[in-house]
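The values are calculated or read from the model by the stated rules, or taken from the named source; none is laboratory data. What you see is a predicted model; the values in this text were computed from it and never measured. Surface accessibility is based on the protein's heavy atoms, side chains included, excluding ligands, DNA and RNA. Shrake-Rupley method; radii C 1.70, N 1.55, O 1.52, S 1.80 Å.
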Amino acid sequence: MTDTDDIAPAADSSTSPRRWIKWVVIGVVAAVALFFAAIFVYANFINDSPDALDESDLSNALTATTAAPTPDGTTGATTAETAPADSAPTNTEAADSFDGDWVPTTASEFGYRVEEVLAGVNTTAVGRSNEIEGLLTIEGSTATVVDITVQIENITSDDSRRDGQFTGRIMNAAEFPTATFMLTEPIEFGRIPVGDEQITATATGELTLRGVTNPVAFEVTAQTTDGRIGVLGSIPVVFEDYGIENPSFGVVATEDNGLVEFVLVFERA
């Protein structure tokens, strides 16, 4: 037996680089797979975008628990009181009983709805606020004044990163802090809805976003419950019309349009 028999064969010098490249490729593929899996899980299980506001939301908001001032001046929760049955307005007296000025309560919601594609996965971005200022004036069965203001920074979604983009580069809340709607023509409802009745009419006014004002016309649905007035509606918005750049960013792509949606609950001023 010679000394050379004790010497192990030399490793193939070309094997190690090929093996290293193989593991790098495997690692990259695994990382990409995990990335898309995470997006799929987020879009389908974690992303908690609420459904579009509809007539059931209007009814629920009219009977919801809302914030009201407490004796010490802070805000506490209180449930809308139900008027005695014998004091409920009838069809003949409803118009007179609702005449006057009304202001929004914290049972209201106002915000946006935009369809997104997150790295190829469809999602919906929804942001809302219940901190709404404004005035509704009723004369008979006609709304003569609707003036609504929402602070942009108060509109939030389920994702703080989205909110940062929304209040920053998209809506520039520092320079344009509010979104507003003002009625320009009276809304003719024909009669005041009573009980669970809901009446639809057309609202015509001006919507202001990011400092740009455009005329808008859209359908609204009204309902009255327990001495409150509720109004449901949505306004289609094309971003370019308001000087808003397409919100797409990174792996997030959006349509060039969205909706302003709202349920407004009013109580007497």
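Which percent of the accessible heavy-atom area of segment 151-215 goes to carbon and sulfur, probe 1.4 angstrom?
48
Tell me the Kirkwood hydrodynamic radius of segment 139-240 in angstroms, computed as one over the mean inverse distance between distinct C-alpha pairs.
15.3
When a/c is below 1.5 the answer is rounded, else prolate if a/b is larger than b/c, else oblate, so apply that to segment 206-257 with a ≥ b ≥ c taken from the square roots of the Cα gyration tensor eigenvalues.
Here segment 206-257 falls in the prolate category.
Taking the full set of protein chains and a 1.4 angstrom probe, give the accessible area of Val145 in square angstrom, rounded to the nearest 10.
Around 60 Å² of this residue is reachable by solvent.
So between Glu245 and Arg18, what do we pick up on full extension, going 0.36 nm a residue minus the alpha carbon distance?
Answer, rounded to one decimal: 77.0 nm.
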